[in-house]
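> Here you go, one structure.
The values are calculated or read from the model by the stated rules, or taken from the named source; none is laboratory data. Please read these numbers as outputs of a predicted model, since none were measured by experiment. Note: ideal-geometry Cβ built from the backbone for every residue, glycine included; neighbour counts use all protein chains shown.
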Amino acid sequence: MTTQTLVRRSAPNPIDIHVGGRLRLRRLAVGLSQERLAKSIGITFQQIQKYERGTNRIVASRLHDLARVLDVPVGYFFSDMGEGTLSDSAPAPREEAMAFAHDLMGERETLELVRSYYNISDPRIRKRLFDLVKSVSKAVN
């Protein structure tokens with residue numbers, strides 16, 4: 001076994017990191033603690049932490065349970081996944097991915113924005129707002 005093989009096995013897969021990030025984003029958007037979410041599906045909060053970091057892969061049945069509790073379709077966890085994530089054979093550096101997720105979700109403004117967005121009950125209006133924000137972001141970058 002080479003050193004590269006060992007590194008690949010110990011580092012999270014980019015898809016698992018993405019799914020975990022989406023799990024954290026939705027959990028925070030609906031105002032659930034890791035403890036409450038874990039209890040609602042019969043696991044420990046430590047397991048939720050591992051899922052959110054991408055260090056443990058979420059099996060299909062558990063992903064279904066999480067989607068039900070968080071009131072999203074299973075596909076939600078895979079949305080906004082770039083083509084690079086799907087085709088990457090080597091995992092992204094864990095430290096970079098975790099630092100980005102931590103910085104982004106640690107901002108009060110981010111949490112307020114996400115919660116406000118998901119408080120919009122009409123999916124058509126949410127989609128329009130989403131498209132508007134993406135459009136403005138592209139225009140200024």
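> When you go through Arg53, Arg22 one by one, which is the residue that is more than 28 Å from Lys127 (Cβ to Cβ), within 12 Å of the chain's Cα centre (by Cα) and at pLDDT 70 or above?
Of Arg53, Arg22, the one residue that is more than 28 Å from Lys127 (Cβ to Cβ), within 12 Å of the chain's Cα centre (by Cα) and at pLDDT 70 or above is Arg53.
> Can you tell me which residue within region 37-66, out of those that are within 22 Å of Tyr117 (Cα to Cα) and in contact with a Phe, Trp or Tyr (Cβ under 9 Å, 6 or more places away or on another chain), is surrounded by the fewest Cβ atoms within 10 Å (Cβ to Cβ)? Reasoning before the result, please.
Initial filter on region 37-66 (within 22 Å of Tyr117 (Cα to Cα)): 37, 52, 66.
Those left that are additionally in contact with a Phe, Trp or Tyr (Cβ under 9 Å, 6 or more places away or on another chain): 37, 66.
On the way: Leu37: 21, Leu66: 25.
Checked region 37-66; the qualifying residue surrounded by the fewest Cβ atoms within 10 Å (Cβ to Cβ) is Leu37.
> State yes or no: is Tyr76 at pLDDT below 95 and not β-branched (Val, Ile, Thr)?
yes
> Can you tell which of Ser121, Ser89, Ser135 is at pLDDT 85 or above, farther than 13 Å from Leu25 by Cα, out of contact with any Cys (no Cβ under 7 Å at 6 or more places or on another chain) and not in a helix (DSSP H, G or I)?
Exactly one of Ser121, Ser89, Ser135 is at pLDDT 85 or above, farther than 13 Å from Leu25 by Cα, out of contact with any Cys (no Cβ under 7 Å at 6 or more places or on another chain) and not in a helix (DSSP H, G or I), namely Ser121.
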